Amino acid sequence: MKKPLFQHMSMIFDPTILTTPFVSSQRRNKKQIDSLHAILVLPLDGPAATIRNEGDFLKRVCSKNKKPLQHVCWSLGLDPTPNDLKADLAEKLWKWRLTKPRVSTFPLRPKTMPPDGVAFIQKVIVETVTPAWINSVPKNYGHNNAGTIKADEWRVLATIYIPIALVLMWGDDLSGQHAAHFFTLLMHSMAMFQATTLACRYSTSESRASAYRNFIKHWIDQLHSLHPHAKFHDRKKRPNIHAAFHIFDFLRLFGPRINTNDHIGGEMEASILKSFMRGANLRRWLNRSDCPQVIREFKRLFDLAFTPRDFGEETPPKNDQEHAHYNFKGVNYSRASTHLGNSLVLFYPLNSTQATAGSIEKITGAGKSTRFFIRRQAPLPANKRDPFTPFPHFPAKTYSSKMMDGRLDEIHPDRTIIMVRGRILPHAIEAFSDGQRIVIAYFTHQTLWDVCSIEPIAVRLADEVPLAAHEEV
């Protein structure tokens, strides 16, 4: 019985073979060899066939250079000679192709990330409402003109935008033709993203460190089966995977990550000192009577854009009227009409132990009498599935896009509110009577949880034993 043509794919290009009798540097000719590979596995019959006869085949094959043609013939055991012309080599490949099935009996896997998939990730980036302290990322992610993605931008993409987009693309509708394949890809991708989320947290535990290692192992075990091209990578030149496993040991020994920007052995301390001295010099200028007006104007604009990080007593409003902002433990909260991203919170209603998502509609009072008036987010209907449920270490949950009617919850920030930042993404997949859906992911300042002496809601596990924690500064 003849083997399906798909099984001969790996015979055409093997990057582990650096030289052949005809190609001194196979990598230099990889593009054309891959193109010949693609031509050889095209179907000859059926609606998807683009090659109908020998003439079509020879025309496409002869458009390639002679050395890649010789290499492919040699890889397939067709005994090419240095004197063979391109037409001779193309004829040998055509005869070989006729010995294989005209249509592959293997189901063709769909493209993992087609252009509309990249466009959806861009849509998630553009339409997501974020708190002011979440750094921005390129809105044209995936395009050449997006520039080089920086490390912090990769962190934000990998812990927020890309996981949300993939879950909505691949984990929402499980009834399609390739739904099972894409769900497997989703579980594999989310293993890496959940591991990244665990490594980027500001506290860790024994169970979190073990979960990180299990996610990395799951990702490695399925890498070659889901992405066959990865098996050709030279592992000796890519030690990242080996290093990733050692992060488990670092989490247990030293706690979660601390950003040093590779400044180790006194350089980090020197950077901190230099930054402090620059700030002191700037404050000295601002306190001088002859300080240039342009510097004062820049300070005013800076204070409007960035909230000073003072983790002492909260900054009380100036009067008992309604206010647009309220600074608590160094985090600026706003009413929804002023800044939607800064108004999203997760809180405990009075006399309740169930955390509820909501949006601050009004801020009143001053000092200890400050009150937040919060309108609750409507829950997802009971007959609707939350696609984020299979991923316990990615802190996101799906709600209805509607807000609940009725009276607002009156909450004092210093006593009962858990100040969690959310992000909200309208996502219209399937209409239902309670409105469309939104995705809210929880991102917090560890300091706020410490103030309330409560473990963050989205990742609270009964068997966790804290190992280390440090504040976000």
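The values are calculated or read from the model by the stated rules, or taken from the named source; none is laboratory data. This structure is a prediction, so every number in the text was calculated from the model and none was measured. Positions of Cβ are generated from backbone atoms using ideal geometry, with glycine treated the same way; all protein chains shown enter the neighbour counts.
Some values worked out for this structure:
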{"quantity": "Every residue from region 330-349 that is in a loop (DSSP other than H, G, I, E, B) and surrounded by fewer than 20 Cβ atoms within 10 Å (Cβ to Cβ)", "calculated": "Ala336, Ser337, Thr338, His339, Tyr348, Pro349"}
{"quantity": "Conditions (1) in a helix (DSSP H, G or I); (2) closer than 16 Å to Pro392 by Cβ; (3) out of contact with any Asp or Glu (no Cβ under 7 Å at 6 or more places or on another chain): number failed by Ala230", "calculated": "(2)"}
{"quantity": "Hey, Pro115 modelled with pLDDT under 90 and surrounded by 12 or more Cβ atoms within 10 Å (Cβ to Cβ) or not", "calculated": "no"}
{"quantity": "Subset of region 393-413 (residues that are in contact (Cβ under 8 Å) with a residue 12 or more places away in the chain and either closer than 13 Å to Leu350 by Cα or in a loop (DSSP other than H, G, I, E, B) (or both))", "calculated": "His393, Phe394, Pro395, Ser401, Lys402, Met404, Leu408, Asp409, Glu410, Ile411, His412, Pro413"}
{"quantity": "Neighbours by Cβ (under 7 Å, 6+ apart or cross-chain): first from region 113-133, not assigned by TED's automatic domain parsing to the domain that holds His339; second surrounded by 14 or more Cβ atoms within 10 Å (Cβ to Cβ) and among the aromatic types (Phe, Trp, Tyr)", "calculated": "Ile121/Tyr141; Ile121/Tyr161; Gln122/Tyr141; Val124/Tyr161; Ile125/Tyr141; Ile125/Tyr161; Thr128/Tyr161"}
{"quantity": "Identity of the residue in region 375-392, in contact (Cβ under 8 Å) with a residue 40 or more places away in the chain and within 15 Å of Leu408 (Cα to Cα), that ends up surrounded by the fewest Cβ atoms within 10 Å (Cβ to Cβ)", "calculated": "Ala378"}
{"quantity": "Selection within region 43-83 - over 21 Å from Lys30 (Cα atoms) and of a type outside the set (S, T, N, Q)", "calculated": "Pro43, Leu44, Asp45, Gly46, Pro47, Ala48, Ala49, Ile51, Arg52, Glu54, Gly55, Asp56"}
{"quantity": "Subset of region 377-411 [closer than 17 Å to Ile162 by Cα and not β-branched (Val, Ile, Thr)]", "calculated": "Pro387, Phe388, Pro390, Phe391, Pro392, His393, Phe394, Pro395, Ala396, Lys397"}
{"quantity": "Conditions (1) buried (at least 17 other Cβ atoms within 10 Å of the Cβ); (2) modelled with pLDDT under 85; (3) among the polar types (S, T, N, Q); number of the one not met by Thr159", "calculated": "(2)"}
{"quantity": "Which listed residue is at pLDDT 85 or above and surrounded by fewer than 16 Cβ atoms within 10 Å (Cβ to Cβ), from Lys217, Lys237", "calculated": "Lys217"}
